[in-house]
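Okay, so here's the structure we're looking at.
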Amino acid sequence: MEENNHLVENKMVEKFVCNGKNITLIGTAHVSKESAELVKEVIHRDKPDTVCVELCATRLKSIRDSDSWRNMDIVKVIREKKSMFLLINLMLASFQKRIAQKFDIKPGQEMINAIEAATIENAQIIPADREVQITITRVWRSMGFWEKIKLMFQLILSLFSSEDITEEEIEKMKQEDILQTLLADVKKEHPIMERVLIDERDQYLAKKIRTAPGEKIVAVVGAGHLAGIKRYIGVDNNNYLGEGVAKQNVAENNKSISSYQDIDISKLEELPEPDLFTKTLKWLIPLSIIFLFAAGFFMKGTDTGTDMVWLWIGINGLFAGIGSLVALAHPYSIISAMVAAPITILHPMIAAGWVSGLVEAITRKPKVRDLESIPIDIMSVRGFWRNSVTRILLVVVFTNIGATIGAFTAIPIMLKIIN
């Protein structure tokens with residue numbers, strides 16, 4: 001009982017009644033052995049009908065099927081324009097794995113324990129979080145170009161950062177998602193990310209938990225989501241029914257909760273369309289480049305116009321080639337990046353990285369051992385570049401970054417020639 005009182009006081013385990021359902025929220029620290037053990041203890045003790053976990057369906061599937069990497073089609077990933085998403089996901093997994101290794105705990109152990117305990121107790125398992133791809137996409141589309149570049153470099157730097165982590169940062173990670181921790185600096189400059197990463201997911205989790213089947217529900221979520229989930233379900237500290245506390249004010253609690261029944265999950269799952277400026281810019285850049293070529297020919301003559309075309313090809317191809325070279329691409333992939341970049345930059349629906357990535361996937365086709373070793377290889381920077389699958393993703397991303405830098409370098413020079 002003394003332990004339970006301690007947990008109530010620290011709000012790690014909270015109980016309340018919602019629409020006749022007995023709900024227990026367990027706030028976990030993602031890098032804590034104690035949290036992982038606590039999850040098992042509460043589920044085995046309460047024997048719930050349903051266990052909600054802070055996982056999306058995709059992440060739940062990957063935990064249940066640790067060999068899912070073997071079925072990945074890297075060519076399909078590139079064609080479906082998911083290279084960036086997959087690379088970001090792997091970088092986040094790398095950061096989490098290395099932090100967990102420092103604490104001698106398996107990444108996501110508290111969720112693994114929840115799944116195992118729920119299975120033993122014959123409880124239904126509900127993935128209560130929004131799909132990670134939707135969350136990352138909503139974050140990505142809310143950012144400007146330079147913010148995206150900053151994010152990518154921040155993620156790359158995270159591959160080096162776990163060795164020098166401070167005690168203060170460790171404590172922070174006990175209250176946040178790994179994604180929230182990595183994006184902390186970017187969030188300061190782009191407040192909308194706070195809404196996407198935290199507030200929207202608080203709403204999503206709250207709706208999933210309060211509509212979960214069964215009369216007795218245990219929800220395992222990160223401690224950083226507790227306050228938001230309680231707020232959107234309708235629980236405050238005055239009507240909170242903690243462990244060992246008499247169930248008073250239940251009617252008031254349900255009355256408070258009723259105002260939160262209108263959370264529309266479908267709206268939280270929508271992928272926002274690019275704003276008018278982004279849509280316009282996507283076509284404005286290639287049209288501007290074509291206009292510069294035309295201006296060069298008509299204003300300065302054929303020789304100058306031709307020089308501008310070669311200048312464009314040279315600068316754009318050079319930077320795209322450098323980008324693919326940084327990713328240690330195959331020579332054929334580097335050549336394809338240099339050839340494709342000056343052309344694809346003029347078409348907003350095609351990217352040079354997709355071309356070089358496909359060439360890389362064909363010339364260095366990943367073997368089964370590459371797919372099997374992904375969980376190990378992402379533990380180190382060298383592993384990202386050594387593994388054929390992750391190197392293909394790096395080729396796609398770095399080629400695109402190089403081509404973009406090349407375009408922004410070439411345009412001012414071309415303007416100078418015309419003037």
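At-a-glance table
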| item | result |
| --- | --- |
| The one condition in (1) touching a residue at least 40 places away in the same chain (Cβ under 8 Å); (2) more than 30 Å from the chain's Cα centre (by Cα); (3) loosely packed, with under 14 Cβ neighbours inside 10 Å that Phe298 fails to fulfil | (1) |
| Near pairs, Cβ below 9 angstrom, 6+ apart or cross-chain, from the range 22-34 (surrounded by fewer than 24 Cβ atoms within 10 Å (Cβ to Cβ)) to any residue that is assigned to a loop (DSSP other than H, G, I, E, B) and at pLDDT 80 or above | Asn22/Pro48; Asn22/Glu215; Thr24/Pro48 |
| Selected residue (only one of Leu226, Leu271 is crowded, with 19+ Cβ neighbours inside 10 Å, of a type outside the set (Phe, Trp, Tyr) and either at pLDDT 50 or above or in the same structural domain as Ser35 (by TED's automatic domain parsing) (or both)) | Leu226 |
| Residue check for Asp236: in a loop (DSSP other than H, G, I, E, B), at pLDDT 65 or above, more than 26 Å from the chain's Cα centre (by Cα) and farther than 25 Å from Lys40 by Cβ | no |
| Candidates Ile335, Ile290, filtered to the one that is among the hydrophobic types (A, V, I, L, M, F, W, C) and either on the phi > 0 side of the Ramachandran plot or modelled with pLDDT under 95 (or both) | Ile290 |
| Test: residue in the range 299-307 that is of a type in the set (Gly, Ala, Ser) and either closer than 14 Å to Pro342 by Cβ or at pLDDT 90 or above (or both) | no |
| Selection within the range 332-348 - free of Cβ contacts under 8 Å to residues at least 60 places away in the same chain and either in a loop (DSSP other than H, G, I, E, B) or among the aromatic types (Phe, Trp, Tyr) (or both) | Tyr332 |
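The values are calculated or read from the model by the stated rules, or taken from the named source; none is laboratory data. Only a predicted model underlies this, so the values are computations on that prediction, with no experimental measurement involved. Cβ: placed from backbone, ideal geometry, glycine included. Neighbour counts: every protein chain shown.
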